[in-house]
Amino acid sequence: MADSSLPASPPENHDAARVALVEDDADLARATAQLLRLAGFAVETFAAAAPALAAITADWPGVVVTDVRMPLVSGIDLFRQLHDRDPELPVILVTGHGDIEMAVQLLKAGAWDFLTKPFAPDTLIAAVRRAATARALTLENRRLRSLAEADDAPLFLGENPAIRRLREMIPVLANADIDLFIEGETGTGKDLLARLIHRAGKRARHRFLPIACAGVPQALADPLFTASGHAEPGLAAAHRGTLYLDDVDRAPSHLQERLLPFAEQRVLRRRDEAVPVDIRIISTSQNAAEGPPPALLPPLFYRLAAMRLSIPPLRERREDIPALFARFAGDAARRLGRELPVITAPLRTMLERHDWPGNVRELGNFAEQFVLGLGDPAPAPAPGAAKGLTERVDAFERDEIIAAVQAAGGEIGAAIRALDLPRKTFYYKVNKHGIDLTALRRRD
């Protein structure tokens, strides 16, 4: 529990990065907490290590700042216990006794940083800010890996409001006998949405019959609308099920002319006999205009579009891209019998900045290439998307670090000496650029 001897804190910003401040000096704890709150952090103070250990669990979403010299349980013992619980939890140690050897040993053991009192306020804030950024990335990667490894994640993934609304509508539409018209760019998931609606309702026990409307020649159109009595009698195969008209606006005129009376009457012909069929029609189009697609007969459109559904392209739901990519990568890893690679910070940046003209389908293909490790499968940048100076510097630093580790045969100490960097700076840059040292050592 938090130290009750300290004054009540002002209301916290729950979106702010969290800091657990462990300090037995009440006055110093107040001053440090105020400093961090003014810098935008949400601070929880503890007067001893024991209550901090009780409150800070694995996957705790924040940073720990602790004094080293404390009674009963020292800051060093607190760090070691927290490190055993979660080796990636950033712990910043503060001491009034400048012990260089102790600092080096603790940094080698996994401490995030080591500050000596009195420290400059900017030094503490900068250290906490770097640690909070790294912690957020770590937890996001864990979330994505968990999603990638889950077997029960929803198939129509996304937290974009439009996607959530569509997902909520699936069970409602599944048993509503109205025809649906799904619109969206190529690769957005129209086929998946149609199949999920079919599977979720009473028609799931019967056939889902897909027809690629753009590829139906006239010679094949007539048999579709004939009840021949054979085992696969054209559209009659979808009786009590779903007829899926993919890209119906690209259907040739002869097919549209046959679809119109069928959509109105739901009957097939057997010689001179009209054979009624119970079929629900789900159609798709890449059109996004208000009215009917230009190439589709208006009467047919208004008959098929009892309800219109629209799936947004990926570029309009960028917040969903990391989770979708993780799911696709996890599926690919299981299917291909491969280990799931680490989703690094530069990869996340690329995922969120690329326009994905092929939408979910393109993203899924990229995820499969990523799992297979086929060179650099990054999509080509959109026109005019040249890297700025900061991005070029980051890319240079990342490439140099990777090259140094590889040249050193995976020996980190040798790589640090070759780069002429302080060990702390080296690990900071490794975290910043999302470099997987374990994977590099394994490769070497």
For the chain, what is the charge dipole size about the Cα centre, in debye to the nearest 20, if Lys and Arg each add +1 at the Cβ and Asp and Glu each add -1 at the Cβ?
1040
Between ARG338 and LEU139, what's the calculated FRET efficiency when r is the beta-carbon distance and R0 is 30 Å? Round to 0.05.
0.80
Specify the angular offset, from 0 to 90 degrees and rounded to the nearest 10, of the alpha carbon long axis of helix 26-38 from the longest principal axis of the alpha carbons in the chain.
40
Suppose R0 equals 30 Å; then what is the FRET efficiency for ASP77 and GLU400 from their Cβ-Cβ distance, rounded to the nearest 0.05?
0.20
Given that compact globular proteins tend to follow 2.2 N^0.38 Å, what is the ratio of the alpha-carbon Rg of the chain to that value?
1.34
Can you tell me the 0 to 90 degree angle between the C-alpha axis of helix 75-85 and the longest principal axis of the chain, rounded to 10?
20
Helix-only mean residue ellipticity at 222 nm for the chain, each DSSP H run of n ≥ 4 adding -39500 (n - 2.57), per residue, nearest 500:
-14500 deg cm²/dmol
Dipole-positive endmost among PRO210, ALA127, ILE343 within the chain (Cβ charges, Cα centre)
PRO210
Hey, got the dipole for segment 316-384? About the Cα centre, +1 on K and R Cβ, -1 on D and E Cβ, debye to the nearest 20?
180
Residues whose modelled amide H sits under 5 Å from the amide H of MET70, counting only those 5 or more places away in sequence or on another chain, are GLY75
State to the nearest 20 debye the size of the charge dipole of segment 18-149 about its Cα centre, where the only charges are +1 on K and R beta carbons and -1 on D and E beta carbons.
380
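So what is the relative contact order of the chain, in percent, for Cα pairs below 8 Å that sit 6 or more residues apart? The partial results should precede the final answer.
Working: 660 pairs, mean separation 53.5, N = 444.
With pairs under 8 Å counted, the relative contact order is 12 percent.
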If you take the charge dipole of the chain about its Cα centre, with +1 on Lys and Arg Cβ and -1 on Asp and Glu Cβ, which of VAL73, GLN406, HIS354 is farthest toward its positive end?
HIS354
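Which shape class applies to segment 18-149: rounded if a/c is under 1.5, otherwise prolate when a/b exceeds b/c and oblate if not, where a ≥ b ≥ c are the square roots of the Cα gyration tensor eigenvalues? Before the final figure, lay out the partial values.
On the way: a/c = 1.57, a/b = 1.38, b/c = 1.14.
Verdict is prolate for segment 18-149.
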Taking every pair of alpha-carbon atoms in segment 165-299, give the share separated by more than 23 Å as a whole percent.
33
Between 0 and 90°, nearest 10: helix 100-109 axis offset from the chain longest Cα axis
20
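Tell me, in nm to one decimal, what length is gained between ARG164 and GLU411 on full extension, where the rule is 0.36 nm per residue of separation less the Cα-Cα distance? Numbers along the way, then the final one.
Values: separation 247, 0.36 × 247 = 88.92 nm, distance 4.72 nm.
Gain in length upon complete extension: 84.2 nm.
Full extension from ALA204 to LEU437: what is 0.36 nm times the residue separation minus their Cα-Cα distance, to one decimal in nm?
Numbers: separation 233, 0.36 × 233 = 83.88 nm, distance 4.82 nm.
Extending this stretch completely gives an extra 79.1 nm.
Where a number appears in this text, it was derived from the coordinates with a stated rule and is not lab data. Model, not experiment: these values are computed from the prediction. Virtual Cβ from ideal backbone geometry, glycine too; neighbours counted across all protein chains shown.
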